[in-house]
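Following: one structure in structure tokens, then a few remarks.
The values are calculated or read from the model by the stated rules, or taken from the named source; none is laboratory data. Being a predicted model, the structure only gives us computed values, none of them experimental. With ideal geometry, Cβ positions are generated from the backbone for all residues, glycine too; neighbour counts draw on all protein chains shown. Accessible surface areas use protein heavy atoms only, side chains included; no ligands, DNA or RNA. Shrake-Rupley method; radii C 1.70, N 1.55, O 1.52, S 1.80 Å.
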Amino acid sequence: MNAASPSGAGASGTGAEPPILLITGVSGSGKTTIGSLLAGRLGWEYAEADAFHPQANIAKMSAGHPLTDEDRRPWLDNIGHWIDETTAKGRPGVVTSSALKRVYRDRLLQGRPQVRLIYLDADRETVARRLTARNGHFFPPELLDSQFGDLEPPADDENPVRIKVDDHDAPLTVAENLIRAEHLEAVEAAHDQAAADSHAATDSHAAADNGEAGA
């Protein structure tokens, strides 16, 4: 049974800003599937990490070469910009990123308390099986060793929500379990109410201003 293990769950994203879920894990752990299901189910903004890679990174991975820390910096910064832009719009969102090392996650989380870290914990056998079966993706199974070699699972002080990933539960079940465990429907309802209150206050002020102008 896949279950969300909210060690420190909700510790981030508790301020006035709407939350951004950062779905992390090695390639093949199900980030895209789970992330898109969550965003679709909640009606939140969604972005896929692969879309933020410079073309040079994609070409390098397609050729079977692992990325360096230097290669990943512009990619992480692009993801960070998306988080900031989504937050500036007042929208909650979901974005995926392998974010294998602590330094990568720190780059994404620093100064962004609204971001909740979701870690998909998949074992090597499960990932190998999925990568071997996957078609049409630029990440070759041969890079599996580099993924697990770079992986630094989130520590407790990062307040991760850990989700054990295997092939027993359907992705939709995993997404629904996460929504319930993290009370994300309540988060969306609270965000919608806050937005409605803000609009009502703006309309009230506008009406008052119009009344004064016509006096």
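Among the residues of the stretch 149-164, is any open to solvent by 50 Å² or more (accessible area, probe 1.4 Å), at pLDDT below 90 and part of a helix (DSSP H, G or I)?
Yes - at least one qualifying residue is present in the stretch 149-164.
Test Thr33 against the criterion of being under 14 Å from the mean Cα position of the chain (by Cα), modelled with pLDDT of 85 or more and open to solvent by 60 Å² or more (accessible area, probe 1.4 Å), and give yes or no.
Here the answer is yes, as Thr33 does meet what is asked.
Which of the residues that make up the stretch 78-99 are out of contact with any strand residue (DSSP E or B) (no Cβ under 8 Å at 6 or more places or on another chain) and under 20 Å from Pro154 (Cα atoms)?
Answer for the stretch 78-99, where residues must be out of contact with any strand residue (DSSP E or B) (no Cβ under 8 Å at 6 or more places or on another chain) and under 20 Å from Pro154 (Cα atoms): just Gly80.
Check Asp71, Asp77 and return the single one that is surrounded by fewer than 14 Cβ atoms within 10 Å (Cβ to Cβ), modelled with pLDDT of 90 or more and either β-branched (Val, Ile, Thr) or farther than 12 Å from Ile20 by Cα (or both).
Asp77
Does any residue of the stretch 128-136 turn out to be out of contact with any His (no Cβ under 9 Å at 6 or more places or on another chain), hydroxyl-bearing (Ser, Thr, Tyr) and over 30 Å from Leu184 (Cα atoms)?
Among the residues of the stretch 128-136, at least one is out of contact with any His (no Cβ under 9 Å at 6 or more places or on another chain), hydroxyl-bearing (Ser, Thr, Tyr) and over 30 Å from Leu184 (Cα atoms), which makes the answer yes.
Select from the stretch 113-135 the residues that are part of a loop (DSSP other than H, G, I, E, B) and more than 13 Å from the chain's Cα centre (by Cα) and write down the one among them that is farthest from Leu22 (Cα to Cα).
The selected residue is Asn135.
Select from the stretch 178-195 the residues that are modelled with pLDDT under 90 and open to solvent by less than 50 Å² (accessible area, probe 1.4 Å) and list them in ascending order.
Once the filter is applied, which keeps residues that are modelled with pLDDT under 90 and open to solvent by less than 50 Å² (accessible area, probe 1.4 Å), the stretch 178-195 yields Ala181, Glu182, Leu184, Val187, Glu188, His191, Ala195.
Can you tell me which of Gly43, Gly28 is open to solvent by 20 Å² or more (accessible area, probe 1.4 Å), at positive phi, in contact (Cβ under 8 Å) with a residue 40 or more places away in the chain and not hydroxyl-bearing (Ser, Thr, Tyr)?
Gly43
Among the residues of the stretch 48-64, how many are without any contact (Cβ under 8 Å) to a residue 12 or more places away in the chain, loosely packed, with under 14 Cβ neighbours inside 10 Å and either touching a Leu at 6+ places or on another chain (Cβ under 9 Å) or acidic (Asp, Glu) (or both)?
Matching residues across the stretch 48-64 total 0.
Can you list residue pairs whose Cβ atoms sit under 9 Å apart, with the first residue in the stretch 101-123 being in contact (Cβ under 8 Å) with a residue 60 or more places away in the chain and the second being in a strand (DSSP E or B) and open to solvent by 50 Å² or more (accessible area, probe 1.4 Å)? Count only pairs 6 or more apart in sequence or on different chains.
Ile118/Arg162; Tyr119/Arg162; Leu120/Arg162; Leu120/Lys164; Asp121/Ser5; Asp121/Arg162; Asp121/Lys164; Ala122/Lys164
Conditions first: (1) in contact with a strand residue (DSSP E or B) (Cβ under 6 Å, 6 or more places away or on another chain); (2) over 21 Å from Leu109 (Cβ atoms). Gly43 passes all but one, so which condition is the exception?
Failing condition for Gly43: (1).
What are the residues in the stretch 1-28 that are modelled with pLDDT of 90 or more and more than 11 Å from the chain's Cα centre (by Cα), if any?
Within the stretch 1-28, Pro18, Val26 qualify.
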